[in-house]
Each structure stands twice: as structure tokens, then as C-alpha cells.
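Working notes, beginning with the structure itself.
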Amino acid sequence: MKKLYKESVDDHLPKWLHSRFLSAVHFIWEVKGNTEESIRRVRNVDESGQFTDEEMSWIMMLLTIPKLQTIIESSDDFNNFKAMKKASVH
């Protein structure tokens, strides 16, 4: 009989994008407008014992991506890159 192999999306992604980290991000992100509740949820996820310190840093980095995008897009380097890219397109 042929051995059944079940693939998951986690098998094809970098380890910091595995579903267990994304689930934690989602749990925290659900209350993103409520700072107090967000902090409480971050603390709950950290204290759950399911994530190492390194893994918690991945979760926190994933939570900061939208803010990071705003910072990058307002930087002089990014604006220079956009101008250079626009000038090189014919």
C-alpha cells in the first residue's frame, strides 16, 4: 500500500511564517485599536509557554510590518529609489 503523505503550507514556508505564529499574530491583531487589550494579549501569548524568546520576536516583528511599511515609504532612500525607477522605465 502506498504511504499517504500529507503536506501542509508550513512545509513550504520559512519557519517564522508557520501557521502557529500567524495564529498568534491574528489573536493579537484582532484588537489592534485597543492598546491595553493588545498589550494584554501579547503578554498572554508570551506567558503561554508555547513560544521561545526568538519566536516571540518573530511574532512582534510580524505585528510591526504595517508601521514599518509606512516608515520605509516616507524615507528619502525609498523616494530616491522610486524616482530612479520611474526615470529608468521607458
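Computed values, structure above
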{"read-out": "Of Glu37, Glu54, Glu73, the one that fluctuates the most in a GNM where the chain has Cα springs shorter than 10 Å", "value": "Glu73"}
{"read-out": "About the Cα centre, charge dipole magnitude for the chain (Lys/Arg +1, Asp/Glu -1 at Cβ), debye", "value": "460 debye"}
{"read-out": "Selected from Asn79, His12, Thr35, residue furthest toward positive end of dipole (the chain; charges at beta carbon)", "value": "His12"}
{"read-out": "Per-peptide average of other Cβ atoms within 10 Å, ordering 29-36, 16-23 highest first", "value": "16-23, 29-36"}
{"read-out": "Computed [θ] at 222 nm, deg cm²/dmol, the chain (DSSP H ≥ 4; -39,500 (n - 2.57); rounded to nearest 500)", "value": "-19500 deg cm²/dmol"}
{"read-out": "Translational diffusion of the chain, µm² s⁻¹ [Kirkwood Rh, Cα pairs; Stokes-Einstein; 25 °C; 0.890 mPa s]", "value": "152 µm²/s"}
{"read-out": "Cα long-axis angle, helix 19-29 against the chain (0 to 90 degrees, to the nearest 10)", "value": "70 degrees"}
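A short reminder: the numbers here are calculations on the coordinates, not readings from a lab. As the structure is a computational prediction, the values presented were derived from the model and not from experiment. Reconstructed Cβ throughout: ideal geometry from the backbone, glycine too, with neighbour counts over all protein chains shown.
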